[in-house]
Amino acid sequence: MSVTVADLLLRLRDDTEHGILFEDQRFSWSEHVQASADRAAWLRSMFDSERPPHFGVLMDNTAEFSFLLGAAALSGSVLVGVNSTRRGAALAHDIALADTQFVITESRHLPLLDGLDLGGRRVIDIDSDEWTSVLRPFESSPVEADPVDSDDLLMLIFTSGTSGDPKAVRCTHSKVVIPGDVLATRMGVSADDTVYVSMPMFHSNSIMACWGVGLTAGSNVVIRRKFSASNFLPDVRRHGVTYASYVGKPLAYVLATPEQSDDADNSLRLMYGNEASSSVVAEFSKRFGVLVLDAFGSSEVGVSISPDFTAPAGAMGLLPEGVDILEFGGDERCPVAEFDADGRLLNADEAIGELVNLEGAGGFAGYYNNPEADAERMRGGKFRTGDLAYRDSAGYVYFAGRSSGWLRVDGENLAAGPIERILLRHPNILRAAVYGIPDPTAGDQVMAALVPRGELDIASLAQFLGEQSDLGPKQWPSYIRVSNDLPQTATFKVLTRTLQAEALSTTDLLYRRTSTGYQPHPHPGESHFGSV
């Protein structure tokens, strides 16, 4: 029997020196393990043995979330991370799909459940007297674990839903233990470190790349209710944080805070995550004096790319054995990427394809109650990530976006990722999202939504794009949207499908490419000579 999350917790049952820090509270690992054992005993009394032992948790990041995750591990039950950004029927659907027997929440999220058909499921508020009363009989329960295996289910984690309805990923004990051990070992995280959890705990990045790392190392773990760019550096300094994780745009948000001369005066030595642009990684590393390792990650874990300190800028790491980049939707291997003297990709149309595990499912344990999605992921016996990538001649692999980032322009397939990276070279562009909107004749037109640093001179942007040797004629955005912010998931991934649906129907500044550069474009209902 392999190591489980329960085993990791039991190793810390006598540790009174390290533990969880949440807001103004501190719980040693010893106290944490006892709290989890108490809740595990209560969970055992709650479940209908004729149904799957699943319970929903609808909470922000809290110490209680951590206790309940430990309780699931000790009791052999399954914590369902309920996404607090879901609403109405979609939220009720997630709760039902995961076969939860009851839902544990906090008072701030109770209104989300008002009026929903939850199929008679009990809802328990941890801020209520009811929670205190139900736990009281189980105080000081024996610290023990039900027999579980590393392949047994621990959590159901819903995907972000950036390109469709979220799917419930089966997260086994090993999907927490293995990444936690690998990252703690390779990053040198020990009991002397302090790990910072600020990504949502209902998502895989927070659990696999952060909470699990702290648990494996037996370090202090700081849990922040929600990520805050303005509070990031103060938290690091206050708690002596040395390791943190991220996914999506948080690095860019922190960079948008006012720069101070002493930004690099902090304890942080390593940020680990995925989907940050190479320019943001470089700027963050320089400003805060920290190593940022941007690698590949997904809730499914069908493909794992090990963190590599020696990888070239922008690379996720070496392409693992048995993993390749195939023509999207097919089985033809994509050619190696070609670069110019400045390191710019020259053959994006040929080199970019789908990252595929040729040898099978890898760490993918399937989706819960969704055989159709399982079949789509495992077409032809290969795990198809739905992620676009390309590789260089040395075998390093580079992320090029999600499969939803494909555009069809004048009969040619284009990936959004390389266009976004070109736009992000501009010194006044903080964030960029590229997507397709319908072309009146056929296929797509390229549209880019940009979040600038201060004012963006659209004329200088056009000149800048004209100077980029790797921007092909079909890659030029036909439309530019200048926004204060971009719609995103709770895990800071841009909701391009929302942007696509809005297309030109927005009150943001719009520009259309013409033969003379970018010109203001009228909003719906305005004259072509109207103001913008």
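No value in this document is a laboratory result; all are computed from the given coordinates. Quick caveat, the model's predicted, so the values are computed rather than measured. Cβ sites come from the backbone with ideal geometry, for glycine too, and all protein chains shown count toward neighbours.
Give me the dipole magnitude in Debye, nearest 20, for the chain about the Cα centre, with unit charges on the beta carbon: positive for Lys and Arg, negative for Asp and Glu.
620
Which distance in Å, rounded to a whole number, links the C-alpha centroids of region 383-427 and region 1-57?
Taking the Cα centre of region 1-57 as reference, the centre of region 383-427 is 41 Å away.
If you rank Ile20, Ile419, Ile157 by fewest surrounding Cβ atoms within 10 Å, what's the result?
Ile20, Ile157, Ile419
Can you give me the three principal axis dimensions of region 72-209 from its C-alpha atoms, in Å, biggest first?
So the extents along the principal axes, rounded to whole Å, are 48, 45, 28.
Using 1/(1 + (r/R0)^6) with R0 = 22 angstrom and r between the beta carbons of Phe339 and Thr310, what's the FRET efficiency to the nearest 0.05?
Given R0 = 22 Å and the Cβ-Cβ separation, E is 0.75.
Sort 170-181, 289-300 for me by packing, meaning the mean count of neighbouring Cβ atoms within 10 Å per residue, highest on top.
Listed from highest to lowest mean packing, they are 170-181, 289-300.
Convert 20 °C to kelvin, take the viscosity as 1.002 mPa s, use the Kirkwood radius over C-alpha pairs of region 41-107 as Rh, and evaluate the Stokes-Einstein diffusion coefficient in µm²/s, rounded to a whole number.
My calculation gives 174 µm²/s for D.
Using the crude model of +1 on Lys and Arg Cβ and -1 on Asp and Glu Cβ, and no other charge, please compute the dipole size for region 5-167 relative to its Cα centre, in debye to 20. It would help to have the intermediate numbers written out before the result.
Working: 13 positive and 28 negative charges, 75 e Å.
Computed about the Cα centre, the dipole is about 360 debye.
Give me the percent of DSSP beta bridges within region 5-167 that run antiparallel, rounded to the nearest 5.
20
Could you tell me, in Å, what Rg and Dmax come out for the Cα atoms of region 149-279?
Reported Rg and Dmax, both Å: 15.3, 51.
Using the Kirkwood formula over every pair of different C-alpha atoms, what hydrodynamic radius in Å results for region 5-167?
So the Kirkwood estimate lands at 16.4 Å.
Whole angstrom only: what separates the Cα centroid of region 194-243 from the Cα centroid of region 282-310?
Spelled out, the Cα-based centre of one part sits 16 Å from the other.
Could you order peptides 239-252, 52-65 by the average number of other Cβ atoms within 10 Å of their residues, highest first? Could you put the intermediate results ahead of the total?
On the way: 239-252: 23.7, 52-65: 21.9.
The peptides rank, most packed first, as 239-252, 52-65.
Given N residues in region 331-478, what is Rg(Cα) / (2.2 N^0.38 Å)?
Details: Rg = 17.4 Å, N = 148, 2.2 N^0.38 = 14.7 Å.
Ratio of Cα Rg to 2.2 N^0.38 Å: 1.18.
For Cα Rg over 2.2 N^0.38 Å, pick the label among (1) 1.20; (2) 1.16; (3) 1.00 that corresponds to the value derived from the coordinates.
(3)
If I take all pairs of Cα atoms in region 6-78, what percentage of them are more than 15 Å from each other?
Of all Cα-Cα pairs in region 6-78, 54 percent lie more than 15 Å apart.
Any chance you could list the semi-axes, whole Å, largest first, of the equivalent ellipsoid that the Cα gyration tensor gives for region 167-224, using √(5λ)? Intermediate values should be presented prior to the final figure.
Working: eigenvalues 71, 37, 11 Å².
Largest first, region 167-224 gives 19, 14, 7 Å.
Would you mind giving the average projected area, over all directions, of the Cα convex hull of region 410-532 in nm² with one decimal? Can you show the working numbers first?
Details: hull surface 32.1 nm².
Seen from a random direction, the Cα hull of region 410-532 projects 8.0 nm² on average.
Can you tell me which of 373-383, 203-213 comes out highest on packing, and rank the rest after it, using the mean Cβ neighbours within 10 Å?
203-213, 373-383
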